[in-house]
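K.L.:
Dropping a structure here in structure tokens format, bear with me for questions.
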Amino acid sequence: MGNDRFAVPEPPPLGFASAPPQPGFPQPGYPQPGHSWDSPHSQQPGYSGYPPAPQQGYPPQMGYPPHQGYPPQQGYNPQQGYPPQYYGSPTGYGGPPPPPPPQPTQQTVNVVVNGGWYSRNQKNKPQSNAVGGAALIFISGGMNIAWSIGFHGTLFYATDKHTFLAWFLGGIIGSVVSCFLTNKVAKKKVLIFSSALVMIGGIVVASTRNNGAANMAGSYLDGIANGLVFAPFMALAGEVAVPYMRGLISASIEQMCYGLGIFVQIVYISAWTYETYPSKNSFSPENMRGVLSAVYGLLALIIGSLLCIESPVIILATKNDEPGAIDALRRLQRPYTVTNETFEQLAEHKRYLAHNKDLSLGQSICQAIPTFIRLMFLRGLNVLSINQFLYLTLLYSFVNWYGLSGSWAWLCGFGFCRWMGNFIATFSMESAGRKKPTVLGLLVCGVLAFVIAAQYNIMNYNTGNAIMVLVFEFFAGVAFTATSPYLAEAYPLGVKQHFIAFTFIAEMLIFIVIEMIDWDYTVGAEYFYAVGILYLIGFIFVILCLPETRRTNLREAQGKFSRFISTAF
């Protein structure tokens, strides 16, 4: 057969190919690990088209992934690090290597919240809680404002102008001090100290009887506390709130709480039953004011200690502490987890900081001055709607017709209308916006002021004037509620707290000027004519110069205030 040229050649032996000369290396002609069998390398001569099976007892090539479905070779020890052997042709032989194990990263959660107002409120409740202590201090401040403009009981001690100006002077002192504490003392410490001042002032007033000096000291302490927390916590309300809640939160802690304090003071003063011959040591409305202030101070101290959260903007600006800012943002929304929205808010705060870092101190002041003029004008118009002369006008209007028998209802109506205007405007701040309620309130108040002035000295229309004073107060509450979110968002970051304090100081000065005047009902017509003119000027001024900042972030709101003329609604 060996010499037979026509014999059929013997077929190649079946079975496994021989082992390569060096163990652990691929055989010549076989694809290297990571090459597929369709690659050009596999088209070499002698390549049969099928992947070779590994020899029995011989470890597979390094880098070849193990495949399920093939039993391992005998003697395999997993602790030696050799991968198991397989019989037959492994599927996917020569494919890409397995992906590396994922690196541990910070987990984020996508939170989908129902778009209803209740769900939004519950989700963002920690933001209002963070400034809730200041809201209680403002309620106490509203009570003192009402007391200072005339809503108080019978005083059995000597008084002068200084007695009724003490709270406003204290507010100026506190605001000046707050300018020096900006970004140097934590806001929680400022709130705790101010809460202690309110509580001490309330205790002093509650524990004394018919003592003018003690009442003046209590008014000073309460005013200083309000001035200390006003600027930092109005700024904090704008920085911790999400854009679609900023108007609601800032208006609810300032204007609505001041209005609520005025209402509470009027209610218990009007309903107080006086003895025919009161004793010097009897419990008086003055003591009641002290008790309520002490309670508000204690609650503010507790809430501030437990729930106050520092602004993530200030954490980034002063400490450059990004983990601390993320933790603050996490605690400002429910559930208390880091979500994608947390990182979006952090990125926006960084853009806000970068935008303000590009402004020098001089540029920030120049940008803030036109905003200060606009907001100071609006806050001044607010003072014209809640002062001593409005109280005297209301008394003159209903006493001449009804007498003192129904005075408590008219006085309570005055406080209720004012607070209800604040209430409605506050909860429509993110739907109707800021500018529309302000324009509407100024227009109606201006028209009513002219009507009141026209029939002020006509005796037959005094009852109508009393009703119109109540309506005037309602629309005044609607008109000036938007000044709270404007204060929280309008000023550049570098001078924000300083100019918020300056705005509050200007408002206190206007209160003092009006309180210094000896009012008489005979000048009522002149006063309301002046008020009507100023309110109509304010109506035109707001249309032309006040921007609409509803649901904008702080950077966008600041940009809108950088232009003096803004006619968009």
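The values are calculated or read from the model by the stated rules, or taken from the named source; none is laboratory data. The model shown is predicted, which means the values in this text are computed figures rather than measured ones. Methodologically, a virtual Cβ is constructed for each residue, glycine included, from the backbone with ideal geometry; neighbour enumeration extends over all protein chains shown. Just the protein is used for accessible areas: all its heavy atoms, side chains included, with ligands, DNA and RNA removed. Shrake-Rupley method; radii C 1.70, N 1.55, O 1.52, S 1.80 Å.
K.L.:
Among (1) farther than 24 Å from R374 by Cβ; (2) in a helix (DSSP H, G or I); (3) in contact with a Gly (Cβ under 8 Å, 6 or more places away or on another chain), there is one condition F416 misses while meeting the rest; what is its number?
P.N.:
In the conditions (1) farther than 24 Å from R374 by Cβ; (2) in a helix (DSSP H, G or I); (3) in contact with a Gly (Cβ under 8 Å, 6 or more places away or on another chain), F416 misses (3) alone.
K.L.:
Take the residues in region 433-461 that are without any contact (Cβ under 8 Å) to a residue 60 or more places away in the chain and outside any helix (DSSP H, G or I); name whichever of them is nearest to R379 (Cα to Cα).
P.N.:
Ranking the qualifying residues of region 433-461, first place goes to Q455.
K.L.:
Going by the structure shown, is K188 surrounded by fewer than 16 Cβ atoms within 10 Å (Cβ to Cβ), over 18 Å from Y258 (Cβ atoms) and of a type outside the set (S, T, N, Q)?
P.N.:
Numbers: surrounded by fewer than 16 Cβ atoms within 10 Å (Cβ to Cβ): no; over 18 Å from Y258 (Cβ atoms): yes; of a type outside the set (S, T, N, Q): yes.
So K188 does not fit the description; no.
K.L.:
Sticking with this structure for a sec: Is there a residue in region 302-315 that is under 29 Å from V198 (Cβ atoms) and acidic (D, E)?
P.N.:
Yes.
K.L.:
Now for a different question. Taking into account only those residues within region 128-154 that are in a loop (DSSP other than H, G, I, E, B), open to solvent by less than 40 Å² (accessible area, probe 1.4 Å) and not small (G, A, S), which is nearest to L306 (Cα to Cα)?
P.N.:
V131
K.L.:
Failed condition for Q497, given (1) surrounded by fewer than 19 Cβ atoms within 10 Å (Cβ to Cβ); (2) at pLDDT 95 or above; (3) not aliphatic (A, V, I, L, M), with all others met?
P.N.:
(1)
K.L.:
Residues in region 366-374: is at least one within 18 Å of the chain's Cα centre (by Cα), assigned to a helix (DSSP H, G or I), without any contact (Cβ under 8 Å) to a residue 60 or more places away in the chain and at negative phi?
P.N.:
no
K.L.:
Quick check on this structure: which one of S311, S360 is under 22 Å from the mean Cα position of the chain (by Cα) and not hydrophobic (A, V, I, L, M, F, W, C)?
P.N.:
S311
K.L.:
Right, here's the next one. Do we find a residue being out of contact with any Phe, Trp or Tyr (no Cβ under 6 Å at 6 or more places or on another chain) and not in a helix (DSSP H, G or I) anywhere in region 477-488?
P.N.:
yes
Every residue, every condition in (1) out of contact with any Lys or Arg (no Cβ under 8 Å at 6 or more places or on another chain); (2) of a type in the set (A, V, I, L, M, F, W, C); (3) in contact (Cβ under 8 Å) with a residue 60 or more places away in the chain; (4) closer than 25 Å to A146 by Cβ, yes or no:
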{"position": "I262", "(1), (2), (3), (4)": "no, yes, yes, yes"}
{"position": "Y296", "(1), (2), (3), (4)": "yes, no, yes, yes"}
{"position": "L301", "(1), (2), (3), (4)": "yes, yes, yes, yes"}
{"position": "L306", "(1), (2), (3), (4)": "yes, yes, no, no"}
{"position": "K319", "(1), (2), (3), (4)": "yes, no, no, no"}
{"position": "P323", "(1), (2), (3), (4)": "yes, no, no, no"}
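K.L.:
Among the residues of region 255-288, which ones are buried (at least 22 other Cβ atoms within 10 Å of the Cβ), closer than 16 Å to G415 by Cβ and in contact with a Gly (Cβ under 8 Å, 6 or more places away or on another chain)?
P.N.:
Scanning region 255-288 gives Q255, C257, Y258, G259, G261, I262, F263, Q265, I266, I269.
K.L.:
Could I ask something else about it? When you scan region 531-547, do you find a residue that is within 23 Å of Y352 (Cα to Cα) and not charged (D, E, K, R), even just one? Spell out the reasoning first.
P.N.:
Initially, region 531-547 is screened for residues within 23 Å of Y352 (Cα to Cα), giving 546-547.
Filter again for not charged (D, E, K, R), leaving 546-547.
Checked against the condition, which is being within 23 Å of Y352 (Cα to Cα) and not charged (D, E, K, R), region 531-547 yields at least one hit.
K.L.:
For region 518-569: of the residues being of a type in the set (A, V, I, L, M, F, W, C) and in a loop (DSSP other than H, G, I, E, B), which is nearest to N465 (Cα to Cα)?
P.N.:
So the residue we want is W519.
K.L.:
Considering each of E344, E348 in turn, give the residue that is loosely packed, with under 14 Cβ neighbours inside 10 Å and in a helix (DSSP H, G or I).
P.N.:
E344
K.L.:
Can you pull out every residue in region 191-205 that is open to solvent by less than 20 Å² (accessible area, probe 1.4 Å) and out of contact with any Cys (no Cβ under 7 Å at 6 or more places or on another chain)?
P.N.:
Correct list: S194, S195, V198, G201, G202, V205.
K.L.:
For G464, work out the one condition from (1) open to solvent by less than 10 Å² (accessible area, probe 1.4 Å); (2) assigned to a helix (DSSP H, G or I) it doesn't fulfil.
P.N.:
G464 satisfies every listed condition except (1).
K.L.:
Here's another thing I want to ask about it. For the condition crowded, with 24+ Cβ neighbours inside 10 Å and of a type outside the set (G, A, S), what is the one hit in P243, P232?
P.N.:
P232
K.L.:
Moving to a separate point now. Looking at region 328-357, which of the residues that are farther than 16 Å from P243 by Cα and among the small types (G, A, S) is farthest from the chain's Cα centre (by Cα)?
P.N.:
The residue in question is A354.
K.L.:
Sticking with this structure for a sec: If the requirement is being open to solvent by 20 Å² or more (accessible area, probe 1.4 Å), closer than 30 Å to G238 by Cα and among the aliphatic types (A, V, I, L, M), which of these qualifies: L375, L384, L442, L395? Break it down into steps so the answer makes sense when it comes.
P.N.:
Working: L375 fails: open to solvent by 20 Å² or more (accessible area, probe 1.4 Å); L442 fails: open to solvent by 20 Å² or more (accessible area, probe 1.4 Å); L395 fails: closer than 30 Å to G238 by Cα.
Only one candidate qualifies: L384.
K.L.:
How many residues does region 142-195 contain that are over 29 Å from S270 (Cα atoms), at pLDDT below 95 and polar (S, T, N, Q)?
P.N.:
So the count comes out to 2.
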